[in-house]
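The values are calculated or read from the model by the stated rules, or taken from the named source; none is laboratory data. Remember, it's a predicted structure, so these values are computed and weren't measured experimentally. Counting neighbours? That spans all protein chains shown, and the Cβs are built from the backbone with ideal geometry, glycine included. These area figures cover heavy atoms from the full protein model, side chains too; ligands, DNA and RNA do not enter into them. Shrake-Rupley method; radii C 1.70, N 1.55, O 1.52, S 1.80 Å.
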Amino acid sequence: MWSRLLPIGIVVSQVIASGMLGQIITVQADFGAKFPVDYESRIYDPALGGGALLDVGIYPIAFSTMVSPAKQLLHASGRLAKTGVDASFTAVLANEDGSTATVFSSIETESPQSAWIAGTEGTLELQRPICCGSGLVLRSADGNIVDSREFTETSPAAGLGWEAAHVAQCIADGLAESPVMPLDQSLAIAQTMDEIAARLRA
């Protein structure tokens, strides 16, 4: 997951691991982008990974999983295009401790493309775009800004470069998996996406 290796992804992981947000209550994440309506294009072709879920939906789902990997799918609904791919969807997930995550994705409308985490001791906001955010805002439990940061490396090309460097370092260190993006999280994301897809087409 290349976006994890951008500097902003590393900082988000550090904030979560530090416990400074307290107990996580909820996560909200979205990625909607208005694609041209062309039913002959890849984005509308189910055989080529078309649809919101497989194209841009990975980003809010992966963000949610980074915050709290073990989640149960409570609800998923959306709109299907005439080719059978999902044009938009919303999914709600929950953990045994009662914390929740709500994700939205679309290929038919723009959305804020942002994310936020709310905990008992504070909130963390990830500014647009969620795949490679331009900034973070950390707030205390009473809503006051504690810290904020801007990031200049926000392109997918930059993310792929950081990812390649990380993979090379993992290989050099003799690692079988990345400590930043462990295999169990990859499996959890894939399982969640499969469950959402099944609900949308039920």
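Observations on the model:
- FRET efficiency estimate (nearest 0.05) - Cβ-Cβ, ASP142 to TRP116, R0 22 angstrom: 0.85
- Cut-off under 5 Å, modelled amide H: who pairs with LYS71 long-range: none
- Taking a ≥ b ≥ c as the square roots of the eigenvalues of the Cα gyration tensor, an a/c ratio of 1.5 or more together with a/b larger than b/c marks the range 1-44 as prolate.
- Subtracting the Cα-Cα distance of ALA198 and ASP38 from 0.36 nm times their residue separation leaves 55.2 nm of extension gain.
- Relative to the dominant Cα principal axis of the chain, helix 58-67 is inclined by about 30°.
- The apolar share of the surface of the range 41-133, taken as the fraction of accessible area on carbon and sulfur atoms (1.4 Å probe, ligands and nucleic acids excluded), comes to 54 percent.
- Per residue, the solvent-accessible area of the range 119-183 (1.4 Å probe, heavy atoms of protein chains only, all protein chains present) comes to 59 Å².
- Think of the range 5-72 as having a plus end and a minus end, set by charges on the Cβ of Lys, Arg, Asp and Glu; of GLY32, GLN14, GLY50, GLN14 sits farthest toward the positive end of this dipole.
- Cα centre as origin, Lys/Arg/Asp/Glu Cβ charges: the range 18-112 dipole, Debye: 80
- The simple spin-label model puts a point 7 Å past each Cα toward its Cβ; for LEU80 and THR152 those points are separated by 4.8 nm.
- Full extension of the segment from ILE171 to SER18, taken as 0.36 nm per residue of separation minus the current Cα-Cα distance, would add 52.4 nm.
- The alpha carbon gyration tensor of the range 104-200 gives principal lengths a ≥ b ≥ c with a/c of 1.5 or higher and a/b no greater than b/c, which makes the shape oblate.
- Nearest 10 degrees, 0 to 90: helix 7-18 Cα axis against the chain principal axis: 60
- Using the average count of surrounding beta-carbon atoms within 10 Å as a protection proxy, the listed peptides 191-198, 26-33 rank, highest first, as 26-33, 191-198.
- In this simple spin-label approximation, ALA164 and ILE10 carry label points 7 Å from Cα along the Cα→Cβ vector, and these lie 1.8 nm apart.
- Relative contact order computed over the chain (Cα-Cα under 8 Å; 6+ residues apart), in percent: 27
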